[in-house]
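Engineer: Mind looking over this structure? Questions follow.
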Amino acid sequence: MTAAAARLLLLGAQGLLAEPARAATPKALLALVTRMGFVQLDSINYVERAHHLTLFSRSDGYRREHFARLLERDRSLFEHWTHDASAVPAEWFAHWKPRFARAGARIRGNRWWGERMGGDAEKVLNAVRERVAREGPLRSQDFEHERGASQAWWGWKPQKAALEYLWHTGELMVARRERFQKVYDLTERVFPELHRAPAPTEEEHTEWACSTALERLVVATPKELADFWASIEPARAREWCERAAREGRVVPVVVESSGADSKPKPAYAAPDWESRLARQPAPPARTRLLSPFDPVLRDRARAGRLFGFDYRFEAFVPEPARRHGYYVLPVLEGDRLVGRVDPKFERSEGALKIRRVFWEPSARPTRARVRGLEEAAERLARFLGAERVEWPAP
């Protein structure tokens, strides 16, 4: 399989070949998130929250209130952990129960968590449980700050650590967010029916994890399947692939690489990948700015092999060591990643400032290419509510 074929299959599976100007409704948004599998959440608001950028890049008419409705009113999405905090279709809630069961022992064995909880973890956990049960949805800040702990994430007070423990173990859910702060409630109140549903067996969970991941990647290594949901070990994914190949449910392939330093990669693909490829629409004739947390970029090694694109998120890199910027957005043109921009949304000035533009060595900045980037920035500015786009001086 060529890298170009694998690239198109991934873009199609992840909703980036569909027409961005199509109708945008809550129902269509749920279908998009389900098609993608999940959308990652992130607290950085330098340009816009990551999930809004990810969804807007696929749908011009995307509305933030539709996303909030699906999470907080309709309960057709829920917030929990994949490889990171994510919004996930509620139809798969049962497959988080094995994760809940594993989380308790893992967290209790963490020295940092033990230090946050002090000498009597059960007393703190019980107090938090009882208060949420009695009073309803609560934030961390609704609990008194104790023992002079820092407000920084590494200085969590005991109640914050307890809330996160109860969330990771499934006793609490994030009912909503207020200014991006989690508001926790009892799972039985947020998802009464799903809370009572049985957990899948290990075999059922492995089948779900691998088959749903492959549907959203189309071609993947066993490790990539395991990493998609971050819910099973790579060894279990490899066993699934080998069994599915014997049964004709996947086919072994070798994927060529676009990366200069990469070799062809053995992988597995959906058995109908060739017909899927033939059915893919041509990429939309436009340029788009992607979130740093876009699923096609999440696996940096895969992005390098399929797109020949070396991306590093540098927000946590000391400023003198950054190559491109704090919150760099990759530039998608058709099915190619042709560059990246270093932007900042200056809300007080009403300006989306594009401070630097970096083109890939293979992407010459022709007039058409530059105009496509300008149009992409103008669309993003309108979505953000910016009055104008400012570009670096020539």
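Engineer: Quick one: grab the alpha carbon gyration tensor of the range 188-279, order the square roots of its eigenvalues as a ≥ b ≥ c, and give me rounded if a/c is under 1.5, else prolate or oblate depending on whether a/b is larger than b/c. All intermediate terms of the calculation are to be shown ahead of the outcome.
Structural biologist: On the way: a/c = 2.11, a/b = 2.04, b/c = 1.03.
Judged from the Cα gyration tensor, the range 188-279 comes out prolate (a/c at least 1.5, a/b above b/c).
Engineer: All other residues with a Cβ under 10 Å from the Cβ of residue 336 taken together, and with Lys, Arg as +1 and Asp, Glu as -1, what is their net charge?
Structural biologist: Result for the local shell: -2.
Engineer: Still on this structure: How much of the accessible area of the chain, probe 1.4 Å, is carbon plus sulfur, in whole percent?
Structural biologist: Details: 9310 of 18580 Å².
C and S fraction of accessible area: 50 percent.
Engineer: Additional query: Give the longest segment of the chain that steers clear of chymotrypsin sites (Phe, Trp or Tyr not before Pro) in DSSP loops with at most 16 neighbouring Cβ atoms within 10 Å, not counting the sites themselves. Write out the running numbers ahead of the final one.
Structural biologist: Working: sites that count: 46, 180, 313, 316.
With a cap of 16 other Cβ atoms within 10 Å, the longest stretch comes to 47-179.
Engineer: Provide the three semi-axes, in whole Å and in decreasing order, of the ellipsoid equivalent to the chain as defined by the square roots of 5 times the Cα gyration tensor eigenvalues. Walk me through the intermediate numbers first.
Structural biologist: Numbers: eigenvalues 252, 161, 78 Å².
Each semi-axis is the square root of five times an eigenvalue, giving 35, 28, 20 Å.
Engineer: Taking H as built 1.01 Å from N, whose amide H comes closer than 5 Å to the amide H of residue 268, not counting residues under 5 places away?
Structural biologist: 220, 221, 253
Engineer: Whole angstrom only: what separates the Cα centroid of the range 314-339 from the Cα centroid of the range 31-48?
Structural biologist: Going from one Cα centre to the other spans 18 Å.
Engineer: Another question, then. If amide hydrogens are placed 1.01 Å from N in the peptide plane, which non-local residues have theirs closer than 5 Å to the one on residue 351?
Structural biologist: 346, 387
Engineer: Which length gain, in nm to one decimal place, applies between residue 202 and residue 356 when the Cα-Cα distance is subtracted from 0.36 nm times their residue separation? Working shown, then result.
Structural biologist: Numbers: separation 154, 0.36 × 154 = 55.44 nm, distance 4.89 nm.
Contour length minus Cα-Cα distance gives 50.5 nm.
Engineer: Ordering 223, 344, 157 by how much accessible area each has at a 1.4 Å probe, largest first, what is the list?
Structural biologist: These residues rank, largest area first, as 223, 344, 157.
Engineer: Using heavy-atom solvent-accessible surface (probe 1.4 Å) with all chains present, what is the largest-first order of 242, 314?
Structural biologist: 242, 314
Engineer: For the chain, with the dipole built from +1 on Lys and Arg beta-carbon atoms and -1 on Asp and Glu ones, taken about the Cα centre, which of 301, 103, 222 lies farthest toward the positive end?
Structural biologist: Sorting the options by dipole projection puts first 301.
Engineer: What is the sum of charges, Lys and Arg at +1 and Asp and Glu at -1, for the other residues whose Cβ falls under 9 Å from the Cβ of residue 325?
Structural biologist: +4
Engineer: Can I ask one more? Per the helix-only calculation at 222 nm, which mean residue ellipticity applies to the chain, given -39500 (n - 2.57) for every DSSP H run of n ≥ 4 and division by its residues, nearest 500 deg cm²/dmol? Show your work: numbers first, answer last.
Structural biologist: On the way: 17 runs with 166 residues, N = 394.
Taken over the chain, the calculation gives -12500 deg cm²/dmol.
Engineer: Which shape class, rounded, prolate or oblate, goes with the range 255-307 when its Cα gyration tensor gives a ≥ b ≥ c as root eigenvalues, a/c under 1.5 marks rounded, and past that a/b bigger than b/c marks prolate? Don't skip to the answer; put the middle values down first.
Structural biologist: Numbers: a/c = 1.83, a/b = 1.03, b/c = 1.78.
Judged from the Cα gyration tensor, the range 255-307 comes out oblate (a/c at least 1.5, b/c at or above a/b).
Engineer: Further question: Could you state the accessible area per residue of the range 348-394 in Å², with a 1.4 Å probe and every protein chain left in place? Intermediate values should be presented prior to the final figure.
Structural biologist: On the way: 2960 Å² over 47 residues.
Accessible area per residue: 63 Å².
Engineer: Please quote Rg/Rh for the range 285-347 to two decimal places, taking the Kirkwood radius as Rh and restricting both calculations to Cα atoms.
Structural biologist: On the way: Rg = 12.0 Å, Rh = 12.3 Å.
Rounded to two decimals, Rg over Rh is 0.97.
Engineer: Residues of the range 22-99: accessible area per residue at 1.4 Å, in Å²?
Structural biologist: On the way: 2690 Å² over 78 residues.
In whole numbers, the range 22-99 has 35 Å² accessible per residue.
Engineer: Still on this structure: Let a ≥ b ≥ c be the square roots of the eigenvalues of the Cα gyration tensor of the range 44-128; is it rounded (a/c under 1.5), or, if not, prolate (a/b larger than b/c) or oblate? Intermediate values should be presented prior to the final figure.
Structural biologist: Working: a/c = 2.57, a/b = 2.00, b/c = 1.28.
Prolate, since a/c reaches 1.5 and a/b exceeds b/c.
The values are calculated or read from the model by the stated rules, or taken from the named source; none is laboratory data. All figures in this text were calculated on a predicted structure; none of them were measured in a lab. Virtual Cβ from ideal backbone geometry, glycine too; neighbours counted across all protein chains shown. Note: accessible area is taken over every heavy atom of the protein model, side chains too, but ligands, DNA and RNA are not part of it. Shrake-Rupley method; radii C 1.70, N 1.55, O 1.52, S 1.80 Å.
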